[in-house]
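This report refers to the structure that appears directly beneath it.
The values are calculated or read from the model by the stated rules, or taken from the named source; none is laboratory data. Source: prediction; values computed, not measured. Neighbour counts are summed over all protein chains in view; Cβ atoms, including those assigned to glycine, are modelled from backbone coordinates with ideal geometry.
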Amino acid sequence: MVLELLRGGSPRPRRGAATSLSRALTIRLSLLGIVLFVAFIAAVLAFTFVTEDPGVLRNDVTSRIIQQSVRLSGGSLQVEKTAGLAQIEAASPRLWYLVSDGRSVVEYAPALRPGLPIDIRLDGPTIAAQMRVGGDNALAFDVIEVEDSRVIVATGGGLPGWDLILGYFLRAIAGSALAISVVFGILVAAAIAMSVSYITARLRSAAQAAARIDPRAPRGLLPTEETPVELMPLTTALNSALDQIASNMEVQRRFMNNVAHELRTPLAVMRSHVDALADEPARLRLATDLSRLTTIVSSMLQLARLHATELPFEPLQLNGLARAVLADLAPLILSHGVDVALEEVGDRHATIIANEPTVRAALANLVDNALRHAQARSTILVRVLDGAVIEVADDGVGIAAAKRAQVLEPFNRISASGTGAGLGLTIVRDIMSAHGGTIAVLGNDGGGTTVRLTFPPGEAGLD
């Protein structure tokens with residue numbers, strides 16, 4: 001990931017490995033909220049079961065099931081044998097209950113019923129009342145409304161199963177639980193949104209800081225002041241890796257620079273000895289090899305300087321620069337017997353913000369590279385588009401599409417028999433990278449190759 005960041009691109013996710021931190025956090029917090037809500041309901045039920053008198057608790061449930069079984073049909077009081085009531089009657093040998101509307105009575109196991117603490121009227125309305133008695137003779141006494149009539153329900157000795165008890169309590173607290181769940185869900189959703197927003201903001205800040213790191217000097221620049229504790233190990237590790245990469249790059253730069261400097265003097269001495277040789281064929285062969293070695297050393301030194309120094313930038317007109325470079329290269333162009341044309345398209349006075357010596361070197365490298373691979377009676381076209389794009393096109397044999405990206409790498413020559421060092425396009429690539437521009441190697445419809453340099457847009461223009 002660090003290397004891809006240094007190349008200016010974004011890390012490519014592996015198939016099946018990409019995950020969303022926001023989604024993972026949302027799922028986990030949601031599950032935590034559900035678990036906490038269920039635990040809360042369980043705690044309420046447990047507290048009720050622990051603190052409630054067992055006899056009162058059982059009679060409450062039994063009374064509720066009996067109340068749900070009471071019917072008034074044609075003025076006649078009835079107690080329907082529902083599944084719940086039948087289950088309690090089968091499981092409760094000491095069960096009794098009494099139901100009365102003040103005119104008639106329905107009673108189950110009257111022999112087991114103790115004396116009630118309130119008189120049951122059979123000749124008129126009964127006052128609203130509710131009573132619970134615990135202990136050995138626990139009973140429940142309720143007065144309910146059934147079809148505009150007051151009905152007394154008294155019971156005791158019921159032994160409902162836990163399924164009926166849990167069902168009763170869940171229905172009893174359903175309204176409160178729904179209200180609590182809505183409030184709790186809103187709070188959890190707000191907490192999730194705030195947490196995800198906070199984490200995303202911190203990650204975005206770190207990503208923006210990483211994007212600002214100069215690939216030529218990737219020192220540890222990720223912020224640590226506002227970094228959350230959870231992200232600190234990652235930030236520290238990345239800063240350490242960036243520092244190590246920068247140190248290694250610096251060692252390589254010093255090595256290339258030192259090698260290039262150390263070889264210049266021996267090469268000059270060798271040149272003088274080669275020029276003094278009397279054997280003409282041997283002198284020409286050695287001179288060719290020495291010329292190529294000198295080119296490699298000069299290119300390495302140019303690369304080292306490009307990476308080691310901070311380039312000064314200023315407004316620059318590409319059109320005027322292109323004319324000046326071609327004028328400087330006129331003797332070289334004439335010696336190759338190649339036609340070179342300059343075409344200016346669009347705004348000729350537009351400017352870019354650039355470093356003139358390196359841009360001059362980039363264009364000279366492209367023209368020199370085209371001349372090296374030119375054939376007899378070839379034509380090279382240098383085109384400037386709107387003062388921000390330079391194209392150098394030739395009508396030679398061209399470069400296969402599969403090899404166009406390779407020619408930008410160091411020591412990758414187009415032709416094995418060529419005399420070049422294989423560093424010219426690499427230097428141009430690094431110059432464009434230093435300017436925030438791009439280089440593209442393209443094929444021509446009629447054959448040949450076009451190398452396009454695109455600079456970031458600059459100022460409107462100078463007269």
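Values computed for the structure shown
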| quantity | calculated |
| --- | --- |
| His349 being modelled with pLDDT under 80 and not basic (Lys, Arg) | no |
| Residue match in the stretch 379-392 (condition: at pLDDT 80 or above, buried (at least 21 other Cβ atoms within 10 Å of the Cβ) and acidic (Asp, Glu)) | no |
| Complete set of residues in the stretch 337-358 that are crowded, with 17+ Cβ neighbours inside 10 Å and under 23 Å from Ile399 (Cβ atoms) | Val338, Val340 |
| Answer from Gly167, Gly102, Gly75 - the residue that is surrounded by 13 or more Cβ atoms within 10 Å (Cβ to Cβ), on the phi > 0 side of the Ramachandran plot and modelled with pLDDT under 80 | Gly102 |
| Those residues of the stretch 294-319 which are out of contact with any Lys or Arg (no Cβ under 9 Å at 6 or more places or on another chain), outside any loop (DSSP other than H, G, I, E, B) and at pLDDT 70 or above, in sequence order | Glu314, Pro315, Leu316, Leu318 |
| Odd one out for Leu238, checked against (1) at pLDDT below 70; (2) surrounded by 15 or more Cβ atoms within 10 Å (Cβ to Cβ) | (1) |
| Unmet requirement for Ile431, which otherwise passes all of (1) at pLDDT 80 or above; (2) part of a loop (DSSP other than H, G, I, E, B); (3) over 15 Å from Leu321 (Cα atoms) | (2) |
| Filter pass, Gly458 being touching a Lys or Arg at 6+ places or on another chain (Cβ under 9 Å), modelled with pLDDT under 75 and small (Gly, Ala, Ser) | no |
